[in-house]
Amino acid sequence: MANSTVLTDTRSAGKENRSSGKGSDFSELSRRISEAGLLRRRPLYYTVRFTAVGLALAGGVAAFLVVGDAWSQLFVAAALAVVSGQLGLAAHDLAHRQVFSRRRPSETGGLVVANVLLGMSYGWWMNKHTRHHANPNHENKDPDVAPDIIVWSRRQARQAKGPARFIGKHQAALFFPLLTLEGLNLSFSSFRALRSPSMKRPVLEGTLLVAHFAVYFGGIFTLLSPGKALAFVAVHQGLFGLYLGSVFAPNHKGMPMVEEGTELDFLRRQVLTSRNVDGGALTDVFMGGLNYQIEHHLFPSMPTPALAEAQVITERYCAELGIPYCRSGLVASHRTALRHLREVGAPLREAGQ
């Protein structure tokens with residue numbers, strides 16, 4: 001599949017398959033997944049995983065206190081960036097109710113991990129991520145491909161204004177440097193969203209965000225000299241953003257974009273716009289199971305340890321229906337995404353000639 005493809009008219013293949021008398025194409029896949037027992041909760045897995053991340057966070061904080069006012073704190077900052085990335089993945093799983101089936105414990109856990117430990121609004125991110133899942137890679141409906149800074153299609157490039165028009169000319173080269181700002185962007189967007197009508201608990205979330213940064217900056221600037229403190233924040237936030245961006249970017253970037261008016265059923269809408277990343281157990285841990293992006297989009301509440309088995313069932317089923325199923329290695333997926341960014345930015349470079 002050409003990764004820069006724009007999906008425009010797949011109506012004959014994209015409508016629900018009711019003529020077979022078995023309901024939609026997705027309902028048959030859902031039946032197979034359910035019969036395999038892949039939607040049941042895995043409390044032991046999440047207990048072990050969250051305990052490990054919690055211990056890593058406690059160890060990082062302890063190391064920060066022991067090392068004191070020394071430049072070696074930058075190694076602590078780098079380690080804590082990885083822990084923060086894992087906390088972000090934990091918040092993601094809580095938001096999708098992969099951990100708890102009920103809303104209340106999922107929201108409570110999400111507020112603790114996202115707002116208190118990461119300084120990111122759980123409510124804002126939930127709203128944004130829900131819209132992404134409903135319409136992945138849709139030019140007008142997916143907030144993850146909004147042309148705020150980077151353009152994701154030639155149409156967006158031709159209409160780009162402001163920073164997106166300037167950055168879009170060289171966005172492939174600037175992509176990874178820009179990811180170092182993603183952690184700060186998540187926090188800034190969280191505070192900005194507190195005034196949004198869609199925010200359900202702005203006072204609670206705002207209080208938790210302020211508490212997080214009071215402890216975060218207070219601890220860093222109390223223990224470290226100003227220069228070391230600024231360097232610590234830069235390393236921690238920069239590597240945290242780079243980590244999160246490296247996890248989420250391979251999943252959809254460079255896959256077909258969906259234009260307004262395109263008709264796709266649920267199965268094809270999720271499969272055709274998503275990419276799985278191969279790599280084994282290490283990749284599973286690094287990406288928190290999001291390397292099985294196709295299965296995650298089809299079954300968002302499926303616990304992480306069930307995704308590998310679901311991948312086998314889903315890929316086989318897509319082959320039966322003749323639906324393209326994209327898999328790639330981690331490095332290759334990033335290479336494809338960067339190539340896509342360069343291709344769609346071409347109109348901006350040509351206009352500047």
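The values are calculated or read from the model by the stated rules, or taken from the named source; none is laboratory data. Just so we're clear, the structure is a prediction, and the values are computed from it rather than from any experiment. All Cβ positions, even for glycine, are placed from backbone atoms using ideal geometry, and neighbour counts span all protein chains on display. Remember, those area values only see protein heavy atoms, side chains included, never the ligands or the DNA or RNA. Shrake-Rupley method; radii C 1.70, N 1.55, O 1.52, S 1.80 Å.
Summary of computed values
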quantity	calculated
Highest-fluctuation residue, G280, G60, G245 considered, GNM on the chain with Cα pairs under 10 Å	G280
Distant alpha-carbon pairs in the stretch 40-185 (separation over 20 angstrom), percent	61
5 angstrom amide H check on H138, placed H, neighbours 5+ away	V258
Of K128/K169; K141/K253; K200/K253; K128/K253; K161/K200; K141/K200, those spanning more than 25 Å from alpha-carbon to alpha-carbon	K128/K169; K200/K253; K161/K200
Selected from V66, V83, I149, residue furthest toward positive end of dipole (the chain; charges at beta carbon)	I149
Residue (of F248, A114, P202) at the positive-pole extreme of the chain, dipole from beta-carbon charges	P202
Helix-only mean residue ellipticity at 222 nm for the chain, each DSSP H run of n ≥ 4 adding -39500 (n - 2.57), per residue, nearest 500	-19500 deg cm²/dmol
Choice from A81, A319, A95 showing the highest fluctuation, given a GNM over the chain with Cα pairs closer than 10 Å	A319
Semi-axis lengths, Å, the stretch 217-353, gyration tensor of Cα atoms, sqrt of 5 times eigenvalues	34, 23, 13
In sequence order, calculated HN-Hα J values of the stretch 341-347 (Karplus, 6.51, -1.76, 1.60; Hz; x Gly/Pro)	4, 5, 5, 6, x, 4, x
Residue-span extension gain [N185 to A63] - 0.36 nm each, minus C-alpha spacing	41.2 nm
Other-chain or far-sequence residues with amide H under 5 Å of G329's (modelled H)	D278
Share of alpha-carbon pairs per 5 Å distance bin for the stretch 222-263, given as whole %	5, 18, 13, 13, 11, 10, 9, 7, 5, 4, 2, 1
Model label zone, D148; criterion: amide N under 19 Å from point 7 Å along Cα-to-beta-carbon; scope the stretch 258-276	none
Straight-distance crosslink candidates among aspartates and glutamates, where the alpha carbon sits under 18 Å from K228 and sequence neighbours closer than 8 are dropped	D69
Between the stretch 85-112 and the stretch 31-76, the alpha-carbon center distance in angstrom	13
Scattering profile of the stretch 86-140 at q = 0.17 Å⁻¹ [log10 I(q)/I(0), Debye over alpha-carbon scatterers]	-0.51
Cα Rg, Dmax (largest Cα-Cα span) when computed across the stretch 194-277, Å	20.1, 58
Accessible heavy-atom area order of F26, F232, F100, highest first, probe of 1.4 Å	F100, F26, F232
Charge dipole (the chain, unit charges on Cβ, about Cα centre) - positive-most of H138, L39, A310	H138
Per-residue ³J(HN,Hα) for the stretch 205-213, Karplus 6.51 cos²θ - 1.76 cosθ + 1.60, θ = phi - 60°, Hz, x for Gly and Pro	5, x, 4, 5, 5, 4, 4, 4, 6
Cα-derived Rg over Rh, computed across the stretch 101-174 with Rh taken as Kirkwood radius	1.13
Alpha-carbon Debye profile of the chain, log10 I(q)/I(0) at 0.08, 0.10 Å⁻¹	-0.42, -0.66
Nearest-20 debye value, the chain charge dipole, Cβ charges on Lys, Arg, Asp, Glu	480
Solvent exposure ordering (accessible area, 1.4 Å, most first) of W124, W152	W124, W152
Cβ-defined net charge surrounding L89, 12 Å radius [Lys, Arg +1; Asp, Glu -1]	-1
In Hz, Karplus ³J(HN,Hα) per residue of the stretch 118-132 (6.51, -1.76, 1.60; θ = phi - 60°; x = Gly, Pro)	10, x, 10, 5, 5, x, 4, 5, 4, 4, 5, 6, 5, 5, 5
Accessible surface, 1.4 Å probe, highest first, among residues S190, S72	S72, S190
Gyration tensor over alpha-carbon atoms, the stretch 130-246, equivalent ellipsoid semi-axes in Å	30, 21, 11
